[in-house]
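**Q** The structure that follows is given in the form of C-alpha cells.
Derivation of every value follows stated rules applied to the coordinates shown; laboratory data play no part. Keep in mind the model is a prediction, meaning the values are calculated, not measured. All Cβ positions, glycine included, derive from the backbone under ideal geometry; neighbour counts span all protein chains shown.
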Amino acid sequence: MKPSLLRRAGAELVGTYALITAGCGAIVVNATSDALMHVGIAFTFGLIIMVMIAATGHLSGAHFNPAVTVAFALTRHFSWRDVPLYIGGQLLGAVAGALTLRVLFGEVADLGATVPSGTALQSFWLEILLTAVLMFVIMAVATDTRAVGQLAALAIGGTVALEALWAGPVSGASMNPARSLGPALVAGVWRDQWIYLVAPLIGAAIGGMLYQLLRTPLPDVPAAREQVGSDAVHAAPRREVGA
C-alpha cells in the first residue's frame, strides 16, 4: 500500500535532515579537525545519499531535493499536487539539520553553507551543469524499467560524490536548493545564494527533459500488454527515486 502524502513528506524530511547533518556535518568537522579533507567530504555526501535512498526510496521516492521533485513533475513522473508538501518536508529537514549542527558545533564553517569560490556566474553555470547530469542519472535509473533498479542508490550516490569531488571547491557542488538554503538560513550566509536556488531548478529540468528526449520506447511485448494494457508497456515508470 502506498504511504499517505503526509508520511511520504515525512520521509523526505528525514532524508534531507540526514543529508544536512552528515554532509554539511562533514564540512563542519573537517573545519575543526582536518580529518576528512575534500575527498572525505565528497564521499560523505555521496554515501549519505546512497544510504538514505536505500532506506526511504520505497516510502517517498527519496528525492531530498526540491529541484528533483520539480523535474519529476515536469516530466510527468510525479503529481504537481504533491510537490508543495514534498518541498516543505525537504526544507524543514534541511533547516532542522542545520540547527542540529549549530547546537552541536556552533557556527563553524558557516554550517556548510555553499558560496562561490570564483565568480557568481561561473558557479551559476556550473551548478546548472552538475544538476543536469545528476538528474539525467536519476531519470535513467529511477524511471526507466530497463535500468537495473537495485543500482539506483549506488548510481545516484556515486554521481553526487563524483561531482562534489571535482566541482565542490568551485561552487560547493550543491545541486540542491534545500541543501544550500538550510545552512544559509541558520548561519545567516546570503552571499550569492540565489545561484543555489535558481541554477539547480534549471539544471534538473534540462537533465530530466534530455533523458526523456533520448530514451526510446520499450519494445512491444504482447504478453505484457495482455496483463497490464498497451499504454502501461510504454509509459509505466518505476517509483521515482531522486537525491
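**Q** State to the nearest 20 debye the size of the charge dipole of the stretch 119-218 about its Cα centre, where the only charges are +1 on K and R beta carbons and -1 on D and E beta carbons. Each step should come with its number before you reach the end.
**A** Details: 4 positive and 4 negative charges, 23 e Å.
So the magnitude is around 100 debye.
**Q** Positive end of the dipole of the chain, charges at C-beta (+1 Lys, Arg; -1 Asp, Glu), about the Cα centre: which of P66, Y86, F43 has its Cα farthest in that direction?
**A** Y86
**Q** Under a point spin-label approximation (7 Å from Cα along Cα-to-Cβ), what is the V51-V39 distance to one decimal in nm?
**A** Once both label points are built, they end up 2.0 nm from each other.
**Q** Return the long-range amide H neighbours of H77 (sequence gap of 5 or more, or a different chain), with a cut-off of under 5 Å between placed amide H atoms.
**A** none
**Q** Rounded to the nearest 10 degrees, what's the angle between the helix 120-143 long axis and the longest principal axis of the chain, both from Cα atoms, 0 to 90?
**A** 40
**Q** Hey, what number do you get for the chain at 222 nm if only DSSP H runs of n ≥ 4 count, each worth -39500 (n - 2.57), divided across all residues, to the nearest 500? Could you put the intermediate results ahead of the total?
**A** Numbers: 11 runs with 169 residues, N = 243.
Taken over the chain, the calculation gives -23000 deg cm²/dmol.
**Q** Taking every pair of distinct Cα atoms and averaging 1/r, then inverting, what Kirkwood hydrodynamic radius in Å comes out for the stretch 5-216?
**A** Working: mean 1/r = 0.0600 Å⁻¹.
Hydrodynamic radius (Kirkwood, Cα only) of the stretch 5-216 equals 16.7 Å.
**Q** Compute the long axis of helix 83-105 from its Cα atoms, compare it with the longest principal axis of the Cα atoms of the chain, and write down the angle in degrees, 0 to 90, nearest 10.
**A** 30
**Q** Using +1 at the Cβ of each Lys and Arg and -1 at the Cβ of each Asp and Glu in the chain, identify which of L134, L214, P183 lies farthest towards the dipole's positive end.
**A** Ranked along the dipole, the leading option is L214.
**Q** Any chance you could run the full-extension gain for L210 through L154? It's 0.36 nm times the residue separation minus the Cα-Cα distance, nm to one decimal. Before the final figure, lay out each step's value.
**A** On the way: separation 56, 0.36 × 56 = 20.16 nm, distance 2.16 nm.
Working it through step by step, the gained length comes to 18.0 nm.
**Q** What angle, in degrees between 0 and 90 and rounded to the nearest 10, separates the Cα long axis of helix 194-214 from the longest principal axis of the Cα atoms of the chain?
**A** With rounding to tens, the tilt is 20 degrees.
**Q** Can you give the charge dipole size of the stretch 5-216 about its Cα centre, rounded to the nearest 20 debye, using +1 on the beta carbon of Lys and Arg and -1 on the beta carbon of Asp and Glu?
**A** Details: 9 positive and 9 negative charges, 110 e Å.
So the magnitude is around 520 debye.
**Q** Have a look at P116, T143, P200 and report the one farthest towards the positive end of the charge dipole of the stretch 5-216, computed about the Cα centre with Cβ charges (Lys/Arg +1, Asp/Glu -1).
**A** Toward the positive end, the furthest listed residue is T143.
**Q** A further question on this structure: Using a simple spin-label model with points 7 Å from Cα along the Cα→Cβ vector, what separation in nm is obtained for M1 and V103?
**A** 3.3
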